[in-house]
Amino acid sequence: MTSVVDADSLLAIDIGSVNTRALLFDAVDGQYHFLAAGMAPSSWGAPFFDVGEGVHLAVSRLQEITSRPLLGSENRLQIPTQPDGSGVDRMVVTMSAGRDVQILVMGLLNDVSLDSARRLAATTYGSIVEAISLNDTRRQDVQLDAILRSGADLVILAGGTERGATRSVSKLVELLLLAARTLPTEKRPRVLYSGNQVLARKIKEVLGKYTDVEVTPNIRPSIDLEDLGPATDTLTRAVTSLRGQQMSGLDALAQLSAAPLTQTAYAMGRLIRFLSELYDASKGVLGVDLGASSTTLAAAVAGRLNLNVSRPLGMGAGLAGLLQQVQPEQLLRWLPIDITPGEVVDYLWQKTLYPASLPMTSTTLAIELAAAREILRLASNQMIERYPALNMTFEPIFAGGAALAQAATPAQALLTLLDGLQPSGLTTIFIDPYGLMAALGAVAPSNSILPVQILESGAFQNLGAVICPVSDARPGTTILRARLVFEDGNETRLDVKQGSLVPLPVRHGQTARVYLEALHGTQIDPRRRTSGGFKIIGGVCGALIDARGRPLALPEDPGRRRESLLRWSQAIESRRPA
Amino acid sequence: MLAQVTHILGLTNIRRTRTLPVAGRVLVSPGQRVHAADVIAEADTATRHVLLDVRRWLGYTRVDEAERVIVRHEGERVQEGDVIAETGGLFSRIIRAPSDGVIVTITAGRVLMQVESRPVQVLSGISGVVTEVYPERGAAIESSGALIQGAWGNGPMVGEGLMVILLKTPEDELQRTDLEVSLRGAVVVGGHCKDPEALRVAASLPVRALVLASMSSDLIAVARGMEFPIMVIEGFGRVPMNEAAFRLLTTSDKRDVSVYAPFNLAAGERPELFIPLPTTGQMAPDSVYFAPNQSVRIQGEPYRGRVGSIVQVRPGLTVLPNGVRAPAADVRLEPETQVIIPLANLEVIE
């Protein structure tokens with residue numbers, strides 16, 4: 001394995017549950033640039049059960065687009081670059097494809113170590129199939145049956161603060177030991193021990209006779225301190241390995257890769273953490289990946305990352321998870337058209353059968369964007385529930401996923417993100433149209449220059465600067481007085497009423513300084529002072545003040561609701577350059 | 001570009017591999033002829049255990065003291081009331097098996113008994129001949145006949161019987177009143193179904209299997225609760241049966257067929273209706289690349305379920321009427337209508 005620090009060109013492969021992408025980066029005039037993306041259907045499932053075919057097709061497509069030969073004889077990837085300019089210097093691979101890893105979480109107390117184990121499990125593509133703690137009143141043999149029935153691939157065992165409880169943890173280990181002795185060798189779950197380190201060696205010795213045991217630093221070193229970071233690294237490696245057993249072709253890619261294969265969510269999290277260290281520490285950075293099977297939110301403030309994968313919750317097979325969590329009316333409320341709940345639900349269930357299919361009409365596109373809004377709402381609510389110290393105030397927000405990247409207009413993507421995430425305060429929203437986030441996160445530890453230069457290169461599309469004040473005032477009340485001062489000295493003033501979505505006269509790439517006067521107790525941004533004015537840069541949708549309220553309350557009357565949706569949509573569309 | 005494939009074939013050879021999720025017993029041998037509902041392999045999976053804490057119950061402080069009085073061994077089968085541990089002496093204290101079972105393990109002065117198990121069975125799914133056996137796991141079965149794959153199934157159940165076609169046109173809807181008592185034991189093919197009561201009536205007859213053109217998604221939960229296979233050809237919502245499947249089915253009325261209705265997209269498990277035929281066909285590919293003249297089925301409104309043929313795969317990206325950009329193909333529908341469809345919304349019919 002080699003470092004990518006001095007690499008000139010980089011091929012990043014991302015194997016998704018529906019599509020596989022091949023992304024090419026290269027240095028031009030001493031600066032890294034994103035050159036092109038090739039995409040093909042993923043082949044990890046039937047009929048291939050081998051990621052290789054999808055990767056080969058995505059790279060072939062990339063070859064066609066760039067006219068740069070990347071595949072050599074027998075269609076092998078040429079690494080490093082050949083004297084004739086063909087091939088590529090380095091490759092990194094990320095993946096979100098594969099079936100859910102079934103996770104059993106064990107801890108001492110429900111709301112302490114077990115909760116931490118749950119949060120750790122939610123950083124990856126897994127499902128918690130069983131949870132056992134000391135609060136569990138079931139008999140031990142009943143708990144054992146529950147473990148056996150769960151079909152767990154992986155156990156996260158937490159508990160005991162540093163130099164704290166050991167006997168109680170030993171009871172949990174005894175139970176695991178019984179399960180391991182009962183199960184056939186190939187069905188025994190791996191164990192990730194993330195508890196009191198005093199017991200680590202003994203647990204590895206005892207359970208290690210039956211299954212693979214990995215030890216991580218304690219995720220709950222004290223009652224009031226949680227540290228998931230190092231355990232997340234180990235968990236990601238375990239999940240990559242477990243998913244690698246479900247499909248062929250990963251070993252061959254791993255041999256060519258400049259960094260270990262990693263999970264897409266983890267790599268995206270790493271990028272967001274990295275950016276939060278680069279940017280103003282008082283602001284947080286949010287990354288959103290609206291995938292086909294899962295939705296990942298990565299929020300980082302001053303280098304501290306909170307990563308949450310909601311699953312099944314996505315725009316393909318993950319729609320089944322959405323439909324189990326929301327009523328049809330919650331989807332219908334986002335549709336500016338008259339349609340029956342049955343039609344909406346039938347369409348979305350059908351999409352679970354054909355997750356790669358695209359909306360061909362305005363109606364079906366509207367249904368998908370309504371589903372995207374609800375998925376983002378559920379995912380962000382779940383994130384806030386898991387990490388109550390967070391609020392939806394981030395600057396900037398990066399969003400990716402086919403539904404957003406393939407939206408017919410940037411305005412649709414922006415409105416979907418605003419409606420779904422409902423951020424507050426000042427933010428700038430970027431879309432990741434080529435799915436670069438995971439690739440940049442995968443390469444960041446060994447080449448920190450590449451992600452920074454790619455971000456500065458415009459490969460991410462700035463949708464717009466958005467100001468989302470929070471106010472309890474009644475709709476129609478003026479809550480903000482805004483003054484915009486442009487670089488040429490021109491000024492514009494406007495009043496903003498509660499309940500409105502107001503486009504600002506800022507063009508794409510134009511800079512303006514904004515001075516806001518908050519009225520009626522309106523809060524402009526909980527994380528920063530805005531009294532001296534602040535600078536904004538217009539995106540492709542310009543700049544906006546979203547004063548529709550948090551949480552966003554839509555009119556009850558269907559007619560008025562549709563009118564509002566159309567008005568908001570037109571407000572943003574009107575700011576787009578022709 | 002790689003295409004999704006769906007099989008609607010008047011005559012083909014098929015090979016299906018059926019395996020257990022855990023090691024078990026294979027019940028067939030190479031060359032054996034099997035029916036679709038035959039069990040190919042089975043295994044027992046433990047469902048309930050009882051833990052007998054000999055050390056604690058008999059009041060020992062040390063594990064070795066407890067293990068000395070345990071009179072059974074791992075793997076031993078015991079019956080309810082059998083002695084598990086006995087202290088001996090004048091006032092011997094005894095721990096007995098609470099029910100019939102097997103001693104799974106003895107550890108730390110405790111005896112773990114498996115007291116209930118459930119058989120896991122793998123069905124053949126098609127009528128044919130066993131061509132290969134995988135020891136302890138399962139077998140491959142081969143056959144020839146007509147094959148129609150569905151978009152959704154309610155679970156890995158098999159139904160075999162005489163096929164009765166209830167739909168006269170691809171647009172027909174299955175009403176509960178269509179399900180007369182004469183259909184008992186039949187594999188019934190209907191159109192669209194939106195009435196959960198129709199499924200319940202089908203269960204009460206009972207039918208051997210139900211094949212629908214399409215189904216309202218409201219019925220998913222009810223369908224999953226049924227103990228007979230339900231195969232949905234087009235999927236959810238009101239969609240007529242595609243012309244290719246309609247033609248094949250209506251010309252095969254009153255034939256003996258089997259329906260197997262598993263559904264697991266990633267594992268490649270799709271529901272299938274199979275009509276065994278004595279003639280040998282050719283094996284159909286499970287993956288192809290898009291090319292002109294291929295017969296395709298369209299997913300997504302406004303052409304959902306329509307069958308056409310590819311005129312050309314368009315270069316680059318095409319902007320659809322709703323503004324979405326995607327790789328696409330020109331598809332000729334019957335009669336002479338040509339439409340642009342994203343490749344992601346096409347399934348090649350092979």
Strands (runs of 3 or more DSSP E) enclosed by the range B:8-127 - at least 2 residues per element that are in contact with a Gly (Cβ under 8 Å, 6 or more places away or on another chain): B:8-19, B:39-53, B:101-107, B:110-123
Can you pull out the residues in the range B:318-349 that are within 22 Å of residue A:409 (Cβ to Cβ), part of a strand (DSSP E or B) and not hydroxyl-bearing (Ser, Thr, Tyr)? B:319, B:325, B:326, B:328, B:340, B:341, B:342
What do you reckon, is residue A:399 within 30 Å of residue A:538 (Cβ to Cβ), within 14 Å of chain B (Cβ to nearest Cβ), in contact (Cβ under 8 Å) with a residue 12 or more places away in the chain and crowded, with 22+ Cβ neighbours inside 10 Å? no
Regarding residue B:315, is this residue closer than 30 Å to residue A:345 by Cβ, assigned to a loop (DSSP other than H, G, I, E, B) and free of Cβ contacts under 8 Å to residues at least 12 places away in the same chain? no
Within the range A:451-474, can one find any residue that is in contact (Cβ under 8 Å) with a residue 60 or more places away in the chain, at negative phi and over 28 Å from the mean Cα position of the chain (by Cα)? yes
Name the pairs whose Cβ atoms lie under 7 Å apart, with the first residue in the range A:329-343 and within 11 Å of another protein chain (Cβ to nearest Cβ), the second polar (S, T, N, Q), and 6 or more positions between them or separate chains? A:342/B:216
The lone condition residue A:216 fails out of (1) in contact (Cβ under 8 Å) with a residue 24 or more places away in the chain; (2) under 26 Å from residue A:12 (Cβ atoms) is (2)
Only one of A:115, A:111, A:141 that is of a type outside the set (Gly, Ala, Ser), within 14 Å of another protein chain (Cβ to nearest Cβ) and assigned to a helix (DSSP H, G or I): A:141
Residue A:174 versus (1) in a helix (DSSP H, G or I); (2) under 30 Å from residue A:262 (Cβ atoms); (3) among the acidic types (Asp, Glu): which is the lone unmet condition? (2)
Of everything in the range B:26-61 that's within 13 Å of another protein chain (Cβ to nearest Cβ) and of a type outside the set (A, V, I, L, M), which residue is farthest from residue A:175 (Cα to Cα)? B:44
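Look through the range A:172-185, keep the residues that are surrounded by fewer than 16 Cβ atoms within 10 Å (Cβ to Cβ) and more than 15 Å from residue B:111 (Cα to Cα), and return whichever of them is farthest from the other protein chains (Cβ to nearest Cβ). Give the derivation first.
Of all residues in the range A:172-185, those surrounded by fewer than 16 Cβ atoms within 10 Å (Cβ to Cβ) come to A:174, A:184-185.
Filter once more, so that each one left must be more than 15 Å from residue B:111 (Cα to Cα): A:184-185.
On the way: A:184: 6, A:185: 10 Å.
Out of the qualifying residues, it is A:185.
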Does the range A:27-38 contain at least one residue that is within 14 Å of chain B (Cβ to nearest Cβ) and out of contact with any Lys or Arg (no Cβ under 6 Å at 6 or more places or on another chain)? yes
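With a cut-off of at least 2 residues that are touching a helix residue (DSSP H, G or I) at 6+ places or on another chain (Cβ under 9 Å) and outside the structural domain of residue A:469 (by TED's automatic domain parsing), name the helices (runs of 4 or more DSSP H) lying wholly within the range A:287-399. First the steps, then the outcome.
Numbers: elements: A:319-325, A:328-332, A:341-353, A:362-386.
Qualifying helices (runs of 4 or more DSSP H): none found.
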Could you list, in sequence order, all residues of the range A:344-373 that are within 18 Å of residue B:298 (Cβ to Cβ) and charged (D, E, K, R)? A:346, A:351, A:368
Among the residues of the range A:186-206, the number that are under 26 Å from residue A:151 (Cβ atoms) and crowded, with 22+ Cβ neighbours inside 10 Å is 7
Residues of the range B:196-217 being within 14 Å of another protein chain (Cβ to nearest Cβ) and in contact with a strand residue (DSSP E or B) (Cβ under 9 Å, 6 or more places away or on another chain), in sequence order, are B:212, B:213, B:214, B:215, B:216, B:217
Residue in the range B:282-303 that is nearest to the other protein chains (Cβ to nearest Cβ), counting only those that are surrounded by 19 or more Cβ atoms within 10 Å (Cβ to Cβ) and hydrophobic (A, V, I, L, M, F, W, C): B:298
Report yes if residue B:291 is at pLDDT below 95, among the aliphatic types (A, V, I, L, M), closer than 27 Å to residue A:359 by Cβ and not in a helix (DSSP H, G or I), otherwise no. no
Would you pick out the residues in the range B:250-277 that are out of contact with any strand residue (DSSP E or B) (no Cβ under 8 Å at 6 or more places or on another chain) and either away from every other protein chain (no Cβ under 14 Å) or over 17 Å from residue B:224 (Cβ atoms) (or both)? B:251, B:266, B:267, B:268
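Among the residues of the range B:9-25 satisfying the criterion of being aliphatic (A, V, I, L, M) and over 28 Å from residue A:147 (Cβ atoms), which is nearest to the other protein chains (Cβ to nearest Cβ)? Before the answer, list the steps.
Step one: list which residues in the range B:9-25 are aliphatic (A, V, I, L, M), which gives B:9, B:11, B:14, B:20, B:22-23.
Among the residues that remain, those that are also over 28 Å from residue A:147 (Cβ atoms) are: B:9, B:11, B:14.
Details: B:9: 16, B:11: 21, B:14: 13 Å.
Across the range B:9-25, the extreme among qualifying residues is B:14.
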Would the range B:41-63 turn up any residue that is surrounded by 14 or more Cβ atoms within 10 Å (Cβ to Cβ), modelled with pLDDT under 95 and among the aromatic types (Phe, Trp, Tyr)? yes
Inspect the range A:75-87 for any residue being at pLDDT 95 or above and in contact with a helix residue (DSSP H, G or I) (Cβ under 7 Å, 6 or more places away or on another chain) and give the result as yes or no. no
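I'd like to know if the range A:477-493 contains one or more residues that are surrounded by 19 or more Cβ atoms within 10 Å (Cβ to Cβ) and either among the basic types (Lys, Arg) or in a loop (DSSP other than H, G, I, E, B) (or both).
no
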Filter the range A:144-171 for residues that are surrounded by 23 or more Cβ atoms within 10 Å (Cβ to Cβ) and at positive phi and give the result. A:159, A:160
Can you spot a residue in the range A:203-217 that is of a type in the set (Lys, Arg), part of a helix (DSSP H, G or I) and away from chain B (no Cβ under 11 Å)? yes
Yes/no for residue A:414 being more than 27 Å from residue A:534 (Cβ to Cβ), away from chain B (no Cβ under 14 Å), buried (at least 22 other Cβ atoms within 10 Å of the Cβ) and in contact with a Gly (Cβ under 9 Å, 6 or more places away or on another chain): no
Among residues of the range A:25-52 being among the small types (Gly, Ala, Ser) and over 24 Å from the mean Cα position of the chain (by Cα), the residue farthest from residue B:317 (Cα to Cα) is A:30
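The values are calculated or read from the model by the stated rules, or taken from the named source; none is laboratory data. Predicted, not measured: the structure shown is a model, and the values here were computed from it. Counting neighbours? That spans all protein chains shown, and the Cβs are built from the backbone with ideal geometry, glycine included.
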